[in-house]
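No lab work stands behind these numbers, since they all come straight from the coordinates. As the structure is a computational prediction, the values presented were derived from the model and not from experiment. Virtual Cβ from ideal backbone geometry, glycine too; neighbours counted across all protein chains shown.
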Amino acid sequence: MAIEIGQQAPEFSLKDHNGEAVGLADFRGEKAVALVFYPFTFTGVCEGELCALRDNYSEFEAAGVQVLACSCDTRFAQAQWAEKQGFGFPVLSDFWPHGEVAKAYGVFNDALGCANRATFLINTGGAVVDTFATPDLGTAREKSRYTEALEKL
């Protein structure tokens, strides 16, 4: 990954599944952010991961962390998916310019045109305090890895 622990996280502003602009700066000084890149909307592993985040969201809230899920899919597809799954956190579209934020974080998969499965935990000051990724798109992130990351805040 291009972004390492201790570095300032690249700023961004993307539309969420409701069409609202959401940026990293929106949470500066107030909440830490778990920026969760996932490859594709409406796919099994991604759905399982985001549903697990939804089901364990109180853990993030208790730690003062805002989850932001992000893929290179259109916000229209994400809107249908987020509504169907009842996600209570923003699902951001990095569709155009295609993968710009994923590229800034060093997790864009050029061969497939999607984000790799990677997470960045960013503190209230904008610094990356933890980052983790899976070895391939078919492998889900372990829940225990999120718990470990939250302990670093």
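Assorted remarks:
- Taking the criterion of being over 22 Å from TRP96 (Cβ atoms) and among the hydrophobic types (A, V, I, L, M, F, W, C), the residues of region 106-153 that qualify are LEU121, ILE122, ALA127, VAL128, VAL129, PHE132, ALA133, ALA140, ALA149, LEU150, LEU153.
- For beta carbons closer than 8 Å, sequence separation of 6+ or different chains, a first residue in region 14-38 that is free of Cβ contacts under 8 Å to residues at least 40 places away in the same chain and surrounded by fewer than 20 Cβ atoms within 10 Å (Cβ to Cβ) and a second that is basic (Lys, Arg) and part of a strand (DSSP E or B), the qualifying pairs are ALA21/LYS15.
- Scanning region 57-67 turns up one or more residues that are more than 16 Å from THR124 (Cβ to Cβ), surrounded by fewer than 22 Cβ atoms within 10 Å (Cβ to Cβ) and in contact with a helix residue (DSSP H, G or I) (Cβ under 9 Å, 6 or more places away or on another chain).
- Check on VAL129, of a type in the set (Val, Ile, Thr), surrounded by 20 or more Cβ atoms within 10 Å (Cβ to Cβ) and touching a strand residue (DSSP E or B) at 6+ places or on another chain (Cβ under 9 Å): no
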